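One structure is given here, and the rest of the page talks about it.
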Ligand code: PLP
């Protein structure tokens, strides 16, 4: 008997499939602006100096015991300070239930499973567009999905009026997924004033905000500034959920280190919620991996290493901001009649170029430039060496 004869190959992941195609292309001109991982100006992966130093300090001292079910206590404490603020009253009052998670993805998934288990009738409102994996995560957790409008294709900016309408029209007490900063894939974030209005409307509607914060520090170069949206909601007295990831801002992609936190009404509730999050993690992976968590807590727990990290995050953000400018300048110099202002207005790792799937196909087939078909350019893959080539190819397929 064939046990698995009915198993069809799964659809390719729209993001990870791009890298496969890139690797298979023998052209010396090829450029990968598909993947969401930082590269230096030579197109090489980067390990931060603060991470190397933390590794040196850890080397030889790490025992290989299991972490507690909820993960590293120190890593969690440092993560909460980053998200909620160094002197947060919520931390002092122990109102936050928090566990170490398998990076940002794992934090989102743990929350989605928690939502399904304890609020079985709830739904999740997800922005259009969003990181494609958000849909998979809440689908596999069996939480029904609704969408809300976010991006305006004509202005290549925020569709604030529609966003506010959709918040108002959602049933009271709905769950919303919000990107805390550097929205993926659009690079479009609400302004501070707009966040205040969103927070106000959430209060009116008694909605619950779940912040996915995969890029803290990557948007502006300053993790404090990038936490602004969360801080506004906290000031307004919301209870929130938050997924943090150290993949991008510490370059710890493959270490899978992150944190899920849920701000509760009081300490008692936080203890209960944390115990239930651990209960969900236990049959899936028992407890999270130790090495990445130790790197994070070593860096954030040491003032000298932390300030080195802050300089290095800023360095990465600044290089990306510089490449946005270079890409736009090049397109304008080539005489493109289109507006490329959005390239420099958008922030974070991605530029939502506005190119059509057909134009992206031409970039790939004629110019060996690889990116997702939604026109998303990973600015982290743009370098001094390829920005001219990229601009020229974009000009060719959009004119
Ligand atoms: N959330 C968003 C919006 C992302 O863009 C990403 C990564 O691309 C993640 C979460 C999760 O990344 P990781 O699981 O590597 O931390």
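Summary of values
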read-out: Single match in 212, 226 (criterion: free of Cβ contacts under 8 Å to residues at least 60 places away in the same chain and crowded, with 24+ Cβ neighbours inside 10 Å); value: 226
read-out: Answer residue from region 250-274, given it is within 11 Å of the ligand (Cβ to nearest atom) and surrounded by fewer than 20 Cβ atoms within 10 Å (Cβ to Cβ) and is farthest from residue 349 (Cα to Cα) among those; value: 254
read-out: Residue check, residue 280 in contact (Cβ under 8 Å) with a residue 24 or more places away in the chain, closer than 30 Å to residue 63 by Cα, more than 18 Å from the chain's Cα centre (by Cα) and buried (at least 23 other Cβ atoms within 10 Å of the Cβ); value: no
read-out: Pairs, first surrounded by 11 or more Cβ atoms within 10 Å (Cβ to Cβ) in region 6-18, second assigned to a helix (DSSP H, G or I), C-beta under 9 Å, six or more apart; value: 12/20; 13/132; 13/133; 13/136; 14/132; 15/132; 15/133; 18/364
read-out: Segments classed as helices (runs of 4 or more DSSP H), wholly inside region 129-242, with at least 3 members that are within 16 Å of the ligand (Cβ to nearest atom) and in contact with a strand residue (DSSP E or B) (Cβ under 8 Å, 6 or more places away or on another chain); value: 132-140
read-out: All helices (runs of 4 or more DSSP H) inside region 40-126 with 3 or more residues being touching a residue at least 40 places away in the same chain (Cβ under 8 Å); value: 49-58, 73-84, 103-118
read-out: Some residue of region 84-97 being more than 14 Å from the ligand (Cβ to nearest atom), on the phi > 0 side of the Ramachandran plot, surrounded by fewer than 21 Cβ atoms within 10 Å (Cβ to Cβ) and under 22 Å from the mean Cα position of the chain (by Cα); value: yes
read-out: Residue check for residue 247: closer than 21 Å to residue 110 by Cα, touching a residue at least 60 places away in the same chain (Cβ under 8 Å), within 15 Å of the ligand (Cβ to nearest atom) and touching a helix residue (DSSP H, G or I) at 6+ places or on another chain (Cβ under 8 Å); value: yes
read-out: When residues of region 218-249 are limited to those that are within 11 Å of the chain's Cα centre (by Cα) and modelled with pLDDT of 95 or more, the one farthest from residue 349 (Cα to Cα); value: 243
read-out: Qualifying residue in region 116-125 (condition: within 16 Å of the ligand (Cβ to nearest atom) and within 22 Å of the chain's Cα centre (by Cα)); value: yes
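The values are calculated or read from the model by the stated rules, or taken from the named source; none is laboratory data. This is a predicted model, so every value here is computed, not measured. Cβ coordinates were reconstructed from backbone atoms using ideal geometry, including for glycine residues, and neighbour counts include every protein chain displayed.
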